[in-house]
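A short worksheet on the structure shown next.
None of the figures in this text is laboratory data; all of them are computed from the coordinates on show. Owing to the predicted nature of the structure, the values given are computational and were not obtained by experimental measurement. Note that we place each Cβ from the backbone using ideal geometry, even for glycine, and neighbour counts take in every protein chain shown.
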Amino acid sequence: MTLRHLEILLAVTDCGSMRAAADQLYISQPSVSGAIGEIEREYGVLLFERLGKRLFITPAGAQMAEHARHLLALFRQMEEQARSRSQNMPLRIGATVTAGTCLLSPILDAFHALMPAAAEPSVLIDNTAAVEARLLRNELDIGLVEGRVQSDSLLAQPVIPDELILLAPSGHPLAAKKEVHLSMLEGLPFLMRETGSGTRILFEQALAQANCHIREQWVSSNTEAILNAVESGRGLTAISRWLALPRVSQGRAVQLPLTGCDLRRTLDLVWHRDKYLSPLFSAFRAACQQFASENPF
């Protein structure tokens, strides 16, 4: 016997006829009588007596209907609690440094506008490789990353445009150039992101294609440390436009007019292909898309 059998039993009990129960449940009358017959055959009990054109519930039927009412009420209570708990369980978000530093707070503001009753998401900020590993171990629900994930088990949706720009201290000799080709960076000191960073991977690919060899002066996972070092004259860096623009607009660093390579990219939403797409998950995706539409590149 299934929950559907119990629903049909209660409908017949409350409506007093097979036809009325069928109308209430939007199914055919033979489906109703068939379900009642299945219960009676399974338990060897008569639930309703048919006297003329009227239907009378038997004592056994009344007792079963009482139990059915309690069981269905418990089932609906369980469903309501499960839905409520799914709203109150925090979404687990992984974000790379660029996304976490510049984008995530306004995205979460949009997320809470869409889901005002939702708990504050838990957030991990790390590089693309670390976010990918945690998604594969189901330690995160969704990631917003600047690099490309490698696993076929993950799905990626491009969502926010970005590009790397070449940043130098104010007054750097290359700032006077109308164009700066990658070959002009040969041997210059650079402040680089750590291994596993999507920013590092993209810039290293461009250097390799140009057969250019820079001098790696610093390695850091902290973009604020890199930006401060550029501003202090410690070297150059290739960094997300989102991160660099405040320094450039304030005149604390300069963007060099880099040519001869394409450092455009997108920040991607990534998740496991088998992941259940909950309402919280869908709201976060919508918030990212809203941010992209409100902040054209």
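General remarks:
- Förster radius 35 Å - calculated FRET efficiency between Ala117 and Glu186, Cβ distance, rounded to 0.05: 0.05
- Around the Cα centre of the range 214-290, unit charges on the Cβ atoms of Lys, Arg, Asp and Glu (plus for the first two, minus for the last two) sum to a dipole of about 100 debye.
- In a DSSP loop and with at most 12 other Cβ atoms within 10 Å, the chymotrypsin sites (Phe, Trp or Tyr not before Pro) in the range 203-279 are Tyr276.
- Residues considered: Gln217, Gln29, Gln205. Largest GNM mean-square fluctuation over the chain, using C-alpha springs under 10 Å, is found at Gln29.
- Extending 7 Å from the Cα toward the beta-carbon at both Gln290 and His5 defines two label points whose distance is 4.7 nm.
- GNM result for the chain, Cα springs below 10 Å: residue of Val254, Val12, Val219 fluctuating most strongly: Val12
- The chain: angle of helix 29-43 to the longest principal axis, Cα-based, in degrees nearest 10: 80 degrees
- Taken about its Cα centre, the chain carries a charge dipole of roughly 220 debye when the Cβ of each Lys and Arg holds +1 and the Cβ of each Asp and Glu holds -1.
- Pairs of alpha carbons in the chain separated by more than 31 Å make up 52% of all such pairs.
- Length-normalised contact order of the range 3-87 in % [C-alpha pairs under 8 Å, at least 6 apart]: 29 percent
- Length gained when the stretch Arg41-Thr195 is fully extended (0.36 nm per residue, less Cα-Cα span): 48.6 nm
- Net length gained if the chain between Gln157 and Glu231 were fully extended (0.36 nm per residue, minus Cα distance): 23.2 nm
- Sparse-neighbourhood loop sites, GluC sites (Glu not before Pro) in the range 107-151 - DSSP loop, at most 15 other Cβ within 10 angstrom: Glu139
- Here the simple spin-label model places points 7 Å from the Cα toward Cβ, and for Ser249 and Gln209 these points are separated by 3.0 nm.
- Restricting the trypsin sites (Lys or Arg not before Pro) of the range 32-127 to loop positions (DSSP other than H, G, I, E, B) with no more than 12 neighbouring Cβ atoms within 10 Å leaves Lys53.
- Relative contact order computed over the range 1-142 (Cα-Cα under 8 Å; 6+ residues apart), in percent: 19 percent
- Under-5 Å amide H pairs with Ser170, H placed in peptide plane, nonlocal only: Val254
- When shorter helices are ignored and each DSSP H run of at least 4 residues is given -39500 (n - 2.57), the per-residue value for the chain at 222 nm works out to -14500 deg cm²/dmol.
- If you sort the three axes of the alpha carbon gyration tensor as a ≥ b ≥ c, you get a/c under 1.5 for the range 161-264, which makes it rounded.
- Residue (of Trp271, Ser221, Cys261) at the positive-pole extreme of the chain, dipole from beta-carbon charges: Cys261
- Calculated translational diffusion coefficient of the range 3-87 (4 °C, 1.567 mPa s; Stokes-Einstein with Kirkwood radius over alpha-carbon pairs) equals 95 µm²/s.
- Each Cα pair under 8 Å and six or more residues apart adds its separation to the average, and for the range 161-264 the resulting relative contact order is 51 percent.
- GNM flexibility winner over the chain from Met18, Met115, Met78 (Cα, springs under 10 Å): Met18
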